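Here, each number is a calculation from the coordinates, and none is a lab measurement. This one's a predicted model, so the numbers in the text were calculated from it and none came from an experiment. When we count neighbours, we look across all protein chains shown, and the Cβ atoms used for this are built from the backbone with ideal geometry, even at glycine.
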Amino acid sequence: MSQEALDKAEVCCAATDIGFAVPENVMLSAAMADELAALDPRQRGAAVHNGNLAILAGPGAGKTRTLVARVGYLLATTSEHRGVAAITYTDAAAQEVSTRLRRLGMSPGRRLASRTVHAFCLRHILLPYGQIAGHPLPPDFEVLDTEGSNRLWTHAAAAARIPLGRRGVADELPTFTTLRRRIAVGEDVSDFSAPHRAAVREYERLLHESHLLDFDEMPRIALQILRDSEPARELLVARFPHLVVDEYQDLGPVLHGVVTVLLDAGMTVSAVGDPDQTMFEFLGADPRYLRELADRDDFCAISLTFNYRSGSALVAAGRAALGADRGYQHDPRRIDPGVIEISPVEGDLDSHAERTVHVVTSLINGGTSAEDIAVLYPAQTDLRDRIIDALTAAEIPFDGERRRRTPDGPLGDLVSACAARRLSGPLPGTDSTMESSSSGTRGKSHLTSSARTPLPVRELAAIWHRLRNDGGVLAPEDTLRSLARQLLSVLDASDREATTDDADDFVHELSEVLELRRLAANTSDQRDRLVPDALVSALEQGLSMAELAGGRAPGRLVLTTYHSAKGREFIAVVLPGLVEGLVPFYFADRGITAAKLASERRQFYVAVTRASDAVVLIPGSQFTAWGRTRRSGWSQFVLDIQRAMATASHGTR
């Protein structure tokens, strides 16, 4: 972001927060008023700003809490006949917005559309306005799952005579996806090969011929509808005069096109994200889209600068890892600085794996729960396999990348939400599980709990009711009250399971009540059709109640990539394999471009900033990949952190 934009952000913060008081004509619940008062000045300024807004939120800055307060305030200051659209990156995040608002005394009902970008485009643009815009969906359309999409792409690649390697179409998917998204917004694609452009045309032909929608097709058609139809734009803005978009930096060019069209149509937009945490550039995401909004004259940009997650030493390490100072500060109420430890090794990747086991063992023996420890690795080499072998030999339980994954899709989410409610037991009027500080969580018990906030049975019954209705299996006697009573027989039964218990009995009982296989057989979402068998497979691998509820497996450390760690928080993070050429990754004879280095920095920055209390860096001077040993030296990112630590130590003498 430019210096001019940063200066403008300071003005926005000051102007919004000075003398803040709730306007007399705004009716807030007592809980919402207390929540606004408890926010720090920048968070509160963002929540109550009048107009277009870019919220730039660094790690641990209380982004979700601020976003929810923003949505709640917009609902309170908007006509009761109009509402707010809140677009999130995941279904769980969308549900979290609704749940937190309810706990703040707000029940917006249909006035709030809290959905993923795909679900919002489908439910609020394609289905209601496709016909009037000349882009109707076929009545028998189906939503394609990942496996089905990969089959179509494989066929399209063969038709375009694109040779596939040992990983099949997986190697080509980033190129296909980026190309397709750029075509959708009318960007120049001459830098892509003719066979790749042909493959995209063939894939989309297959989609249309088969009456299928995939997740990229939904926003593409939505953008087309909004561009082509003034009535569609006017009707959408009339229903939702406010749009709030989370994780804006990762949602790419098509959503940015939708937002731009809606801005021009008069919708007020709040974009929330962090350009420094862009993780999906290989799919066309670009931090410039968020920066462009922040730099617009009709936008106010507010930076959330307090990191409430990490101690001062960890905040400084994050600054060094990023190679830039965004003005982030640690929570002044936190005394302990946290720990940055550099633990170098002399050998190859096997030595990194052995040191990882030693570090993890020391952390566990020191009282840190295994599930609150993450071992993060870059995705390009076999370092992961070495670590798995070492952890297995040391008999340290772990959950690897995508291991025992619970089902995706609306039906899988309902099962997971029911598990979270079963573990929590009956909910009082409002739980006091919201953050206790101005930012986000502090303390350690939250890390081992369910990742999902438990929902009341009535809300679960409403989700079940909608799924039954969409699948054509809703009976006349299936009222919200009757469905809630059926759920209560399972969710409030005596002798609740512990988080560590196997989920077999619960899933069996819940499946019978939900008529899970019947629901799965009658859905238009291909992901939901896979839920019964996916659950069986997960249970065979030892699925715990905590995992089913969206949390971590108790007693198992987390082993995953930098990329997949985004949005998560751990007490301790261990980073092995920090060798130049591996982190950042590049070939010795080619070097690394400035753009690639910046991207690699962002990924490493995300990895470092996942920790609340401790980061252990394991650098070395060589690694072997693809049968060749490369000798280089410590990762330049580690050297940056080491210099920052030395400077800080010198300054305290």
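Odds and ends about this structure:
- The label-point distance for GLU230 and ARG123, in a model that sets each label 7 Å from Cα toward Cβ, rounds to 3.1 nm.
- Between THR561 and TYR377, the built amide H atoms are under 5 Å apart, and every one of these is 5 or more places off in sequence or on another chain.
- SER107 versus LEU164: modelled label distance in nm, points set 7 Å from Cα along the beta carbon direction: 5.0 nm
- Solvent-free Debye scattering, log10 I(q)/I(0), computed from the Cα coordinates of the chain at q = 0.05, 0.07, 0.08 Å⁻¹: -0.23, -0.46, -0.62
- For segment 145-213, the Cβ-based charge dipole about the Cα centre amounts to some 140 debye (Lys, Arg positive; Asp, Glu negative; other atoms uncharged).
- For the chain, the antiparallel share of DSSP beta bridges with both residues in that region comes to about 15%.
- At full extension, GLN329 and LEU474 could sit 46.9 nm farther apart than now, given 0.36 nm per residue minus the alpha carbon distance.
- Each helix, a run of at least 4 DSSP H residues, gives -39500 (n - 2.57); summed and divided by the residues of the chain, these come to -14000 deg cm²/dmol at 222 nm.
- Between SER190 and THR624, the simple label model (points 7 Å from Cα in the Cβ direction) yields a spacing of 4.8 nm.
- Sequence-ordered 3J(HN,Hα) estimates for segment 271-278 from the Karplus curve with 6.51, -1.76 and 1.60 and θ = phi - 60° stand at 9, 10, x, 9, x, 6, 10, 5 Hz, glycine and proline given as x.
- Relative contact order %, the chain, counting alpha carbon pairs below 8 Å whose residues are six or more apart: 18 percent
- Its relative contact order, with pairs defined as Cα atoms under 8 Å and 6+ residues apart, puts segment 497-653 at 22 percent.
- Computed from backbone phi, the HN-Hα couplings of segment 590-596 come to 10, x, 9, 6, 5, 5, 5 Hz, rounded to whole numbers (Karplus: 6.51 cos²θ - 1.76 cosθ + 1.60, θ = phi - 60°; Gly and Pro given as x).
- The mean sequence separation of alpha-carbon pairs under 8 Å and at least six residues apart, normalised by the residue count of segment 599-640, gives a relative contact order of 30 percent.
- Taking other C-beta atoms within 10 angstrom as a stand-in for reagent exposure, LEU207, LEU164, LEU582 fall in the order LEU164, LEU207, LEU582, fewest first.
- Additional length obtainable on full extension of the chain from ASP264 to ARG466, 0.36 nm per residue less Cα span: 69.4 nm
- Packing, as the average of other Cβ atoms within 10 Å across residues, places the peptides 94-105, 361-372, 584-595 in the order 94-105, 361-372, 584-595, highest first.
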